[in-house]
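Asks: After the structure tokens below, expect a handful of questions from me.
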Amino acid sequence: MSRVPSCAARGALTSLVLAGVLMAGAASAATNVGSINFTLGGKRLTSPWFQAAPYTDAFGDTLETPRGQQPALGVEVAWGRSNWPVMIALDVLHCYDDGVQRFHEIPIFSLPTTDVRRRVSTLEIFTVKGWSPYLGGGGAWVRGSMIAEMSDPNAGQFGVPGPTVRGRHAAFGYWVGGGLYRRLGPRFQMGLTGRLSKARMEFPERGEVRARVGGYDFVPNTSGEKIDAGGRHIGLVLGWSFPSKK
């Protein structure tokens, strides 16, 4: 089961609050129109970001990776003038997931069992021009981070920590998406939003765990391969618009 540590929760909430504060002042001018929405949903990434242990058959061959969905929190802020044909928007989307994979004893080296817990998160910031309250597209800045912690589950009450590897990288990309909203009262609105984002970056720290005499090591991926930190996001939207509906 995925668990969100306090640092990840604080980071997500801070991102949402800052984005809301930056644009909330736009609502004060009578000629301005727009909306501030909070989203709660999930983001599906490509397989390099999957953190849960893979399913294997009786021969130890990997069958599938069971989880590729990250819980996501976001804020969508749109702003413009009543006579503008388009609106300017700033969106922030924070996603997080973790998982534990167990490496069993390898007879050649007579190694004990070790657990590897990986935590990954992505943060997307979109600056866009939307052609209506329902469609949008533009550039995106995406940051990806990963923490992999190795531990011996057989030692101590909670295991003994081993080697740790950390990585954080960022890249520019693009996104397209849209939303469907319904006004409920003079200001409140709710609906659904969906988007597809793309941003490729190198992430050597995601490497693999390899056995050696006496234990295990993290081996970085030095191939130069780039992985996509974007993905498909679908979420529930709750927010309000300005000015209020008469």
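One line per residue, one yes/no per condition, for (1) within 19 Å of Arg168 (Cα to Cα); (2) more than 22 Å from the chain's Cα centre (by Cα):
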residue: Gln189; (1), (2): no, yes
residue: Thr193; (1), (2): no, no
residue: Leu196; (1), (2): no, no
residue: Phe203; (1), (2): yes, no
residue: Arg210; (1), (2): no, yes
residue: Val219; (1), (2): yes, yes
residue: Gly224; (1), (2): yes, yes
residue: Ala229; (1), (2): yes, no
residue: Arg232; (1), (2): no, no
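Asks: For the range 139-169, enumerate the residues that are within 15 Å of the chain's Cα centre (by Cα) and either basic (Lys, Arg) or surrounded by fewer than 16 Cβ atoms within 10 Å (Cβ to Cβ) (or both).
Replies: Trp141, Arg143, Arg168 - these are the residues of the range 139-169 that are within 15 Å of the chain's Cα centre (by Cα) and either basic (Lys, Arg) or surrounded by fewer than 16 Cβ atoms within 10 Å (Cβ to Cβ) (or both).
Asks: Mind checking which residues of the range 163-202 are assigned to a loop (DSSP other than H, G, I, E, B) and closer than 25 Å to Arg44 by Cβ?
Replies: The one that is assigned to a loop (DSSP other than H, G, I, E, B) and closer than 25 Å to Arg44 by Cβ: Ala199.
Asks: Could you figure out which of (1) surrounded by 15 or more Cβ atoms within 10 Å (Cβ to Cβ); (2) at pLDDT 85 or above; (3) under 18 Å from Gly34 (Cα atoms); (4) not polar (S, T, N, Q) isn't true of Phe188?
Replies: Single failed check for Phe188: (1).
Asks: State whether one or more residues within the range 226-238 are without any contact (Cβ under 8 Å) to a residue 40 or more places away in the chain, aliphatic (A, V, I, L, M) and part of a strand (DSSP E or B).
Replies: No, because not a single residue in the range 226-238 is without any contact (Cβ under 8 Å) to a residue 40 or more places away in the chain, aliphatic (A, V, I, L, M) and part of a strand (DSSP E or B).
Asks: Evaluate the following for Val209: is it outside any loop (DSSP other than H, G, I, E, B), more than 24 Å from Gly74 (Cβ to Cβ) and in contact with a strand residue (DSSP E or B) (Cβ under 6 Å, 6 or more places away or on another chain)?
Replies: So Val209 passes the test.
The values are calculated or read from the model by the stated rules, or taken from the named source; none is laboratory data. Just so it is clear, the structure is predicted and the values come from calculations on it, not from any experiment. No Cβ is skipped: glycine too gets one built from the backbone with ideal geometry, and neighbour counts run over all protein chains shown.
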